[in-house]
Amino acid sequence: KRGSRPEDCEDASCFDTDHGVFVMCDGASSGIYCTRWASLLSESYTRLRLDCSKEQDVRNWLQGCLDAWLAAIDWTELTEVRANKIERTGAAATFLGLRLGTRPSEQDPPVEYLWQAHAVGDTCLFHWRDGRVLATFPIASSKAFAEVPASFQTRLLTDHPPIARGGG
């Protein structure tokens, strides 16, 4: 953002090339400790190689992230304003997790490359090849962007937003 310093960035990303796992989270600037929240989401998703199609696994993952986020706060040093912001607003981040894999193919080359993605909000994936966009996920058009995108929020983990699923 204009006027921001690099240390003001509230986004996080993580990857594990050995296992084909990549994740990006965009921390919400209106929240508190969003960089920490985005980092916890991205690092733990990568470490766990989470399958977001399993609802209970997602709930357990988010609860673990929330527990770690709360534990990292130095409650003894908080001002009343910050404590209130943690309670009323909390942290939020959009999320895009990508898993790459292969499977045998009868064609040439003898391997087919596959991708699977999960997303909450407007962090986007663009699949390019030879200068052409082959796929976008989860948003296919600029008209689909919302003023306030869905996000994983520390306040609302009991009812997280729907997770978009895509692949090819």
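The values are calculated or read from the model by the stated rules, or taken from the named source; none is laboratory data. Bear in mind that the values here come from a model prediction, so they are computed numbers and not experimental data. FYI the Cβ positions are ideal-geometry reconstructions off the backbone, even for glycines, and counts take in every protein chain you see. The protein model used for the area step is the full one, side chains on, heavy atoms only, and it has no ligands, DNA or RNA in it. Shrake-Rupley method; radii C 1.70, N 1.55, O 1.52, S 1.80 Å.
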Checklist entry - Among Asp57, Asp26, which is open to solvent by less than 70 Å² (accessible area, probe 1.4 Å), acidic (Asp, Glu) and not in a helix (DSSP H, G or I)? => result Asp26
Checklist outcome for this item: Residues of the range 29-54 being surrounded by fewer than 18 Cβ atoms within 10 Å (Cβ to Cβ) and of a type in the set (Gly, Ala, Ser), in sequence order, are Ser29, Ser30, Ser44, Ser53
Next on the checklist: Within the range 82-99, does at least one residue satisfy the condition of being of a type in the set (S, T, N, Q) and at pLDDT 95 or above?
Outcome noted: yes
